[in-house]
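The values are calculated or read from the model by the stated rules, or taken from the named source; none is laboratory data. Keep in mind the model is a prediction, meaning the values are calculated, not measured. FYI the Cβ positions are ideal-geometry reconstructions off the backbone, even for glycines, and counts take in every protein chain you see.
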Amino acid sequence: MGFKNSCFGTGKDETTIKIKWLRSLVGIPSSCYVSKTKTGKYDISILVEEEICQLPASNKTVGVDLGIKDVAICSDATVFNNPRTTKKYERKLAKEQRQLARKVKGSNNFKKKRSKAAKIHEKIANVRSDLTHKMTAKLINENQVICLESLKVKNMVKNKKLAQHILDANFSDIERQLQYKSDGYGRTVSKIDQWFPSSNMCSCCGVLYSGQWSLAIREWTCDCGQKHDRDLNAATHIHVEGLR
Ligand SMILES: [Zn+2]
């Protein structure tokens with residue numbers, strides 16, 4: 001088994017597979033793990049030993065509210081959007097899955113549709129993973145402390161309309177990446193384990209929204225006069241709680 005001219009060979013015969021590198025190889029490779037995806041591609045994970053330089057200390061800290069409409073909104077008003085491409089592919093996937101459901105299980109048409117759906121699924125996962133890596137890298141780069149709600153808290157406010165497993169996977173990826181990147185670069189992740197009403201509590205005066213609270217409310221004005229964007233207000237609370 002080995003690499004040659006950007007090709008990967010199994011060593012058993014002359015067969016080689018062209019490699020598309022996701023990032024350049026740095027450090028000394030010690031082992032690699034090859035797996036085959038549902039769409040017939042190969043994933044190669046290479047374990048490398050690398051000296052990581054800690055980042056220079058930053059005096060910035062941030063609160064991050066992981067969301068649904070946007071991937072995340074930060075207390076400094078930075079917004080990480082859901083890319084349009086994911087939306088487009090999600091609609092495509094839904095269509096393919098509807099058509100798949102009408103096919104006779106095991107038939108050729110069924111297999112064709114299933115493989116098509118798997119390809120779109122893989123595409124969505126790749127786009128999302130790329131975005132998660134860029135987002136966590138930016139947060140770690142710029143901030144000394146990153147505050148966020150733990151998954152335990154996030155799961156208390158489940159939304160039945162959404163594909164919860166997709167959201168959960170995304171949230172846990174973000175949390176995991178922030179944790180290992182902050183460990184490596186000398187940053188701190190502060191997780192809030194206690195649920196508190198972060199969206200509907202005024203981050204200026206601490207008073208709760210006086211009317212009937214609902215998921216549909218995106219903006220509101222507190223009796224103290226302060227106008228709030230729902231998610232930015234939540235991120236501000238997370239920031240304050242996380243630094244406590
Ligand atoms: Zn207020």
Which of the strands (runs of 3 or more DSSP E) found entirely inside region 59-130 contain at least 1 residues meeting this: without any contact (Cβ under 8 Å) to a residue 24 or more places away in the chain and within 17 Å of residue 148 (Cα to Cα)?
79-81
Is there a residue being assigned by TED's automatic domain parsing to the domain that holds residue 9 and at positive phi anywhere in region 32-52?
yes
Would you mention how many residues in region 40-69 are at pLDDT below 85 and surrounded by 14 or more Cβ atoms within 10 Å (Cβ to Cβ)?
1
Answer residue from region 187-216, given it is touching a helix residue (DSSP H, G or I) at 6+ places or on another chain (Cβ under 6 Å) and within 16 Å of the ligand (Cβ to nearest atom) and is farthest from residue 72 (Cα to Cα) among those:
203
Search region 187-200 for residues that are at pLDDT below 85 and pair each with any residue that is buried (at least 19 other Cβ atoms within 10 Å of the Cβ) and of a type outside the set (Asp, Glu) when their beta-carbon atoms are under 7 Å apart and the residues are at least 6 apart or on different chains.
198/234; 198/237; 198/238
Step by step: first the residues of region 221-235, then only those that are within 12 Å of the ligand (Cβ to nearest atom) and in contact (Cβ under 8 Å) with a residue 12 or more places away in the chain, then the one that is nearest to the chain's Cα centre (by Cα). Which residue is that?
233
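It is to be established whether one or more residues within region 165-186 are at pLDDT 70 or above, away from the ligand (no atom under 16 Å from the Cβ), assigned to a loop (DSSP other than H, G, I, E, B) and of a type outside the set (A, V, I, L, M, F, W, C).
If we filter region 165-186 for residues that are at pLDDT 70 or above, which is where we start, we get 169-186.
Filter again for away from the ligand (no atom under 16 Å from the Cβ), leaving 169-186.
From the residues that got through so far, the ones that are assigned to a loop (DSSP other than H, G, I, E, B) too are 186.
Among the residues that remain, those that are also of a type outside the set (A, V, I, L, M, F, W, C) are: 186.
Within region 165-186, one or more residues are at pLDDT 70 or above, away from the ligand (no atom under 16 Å from the Cβ), assigned to a loop (DSSP other than H, G, I, E, B) and of a type outside the set (A, V, I, L, M, F, W, C).
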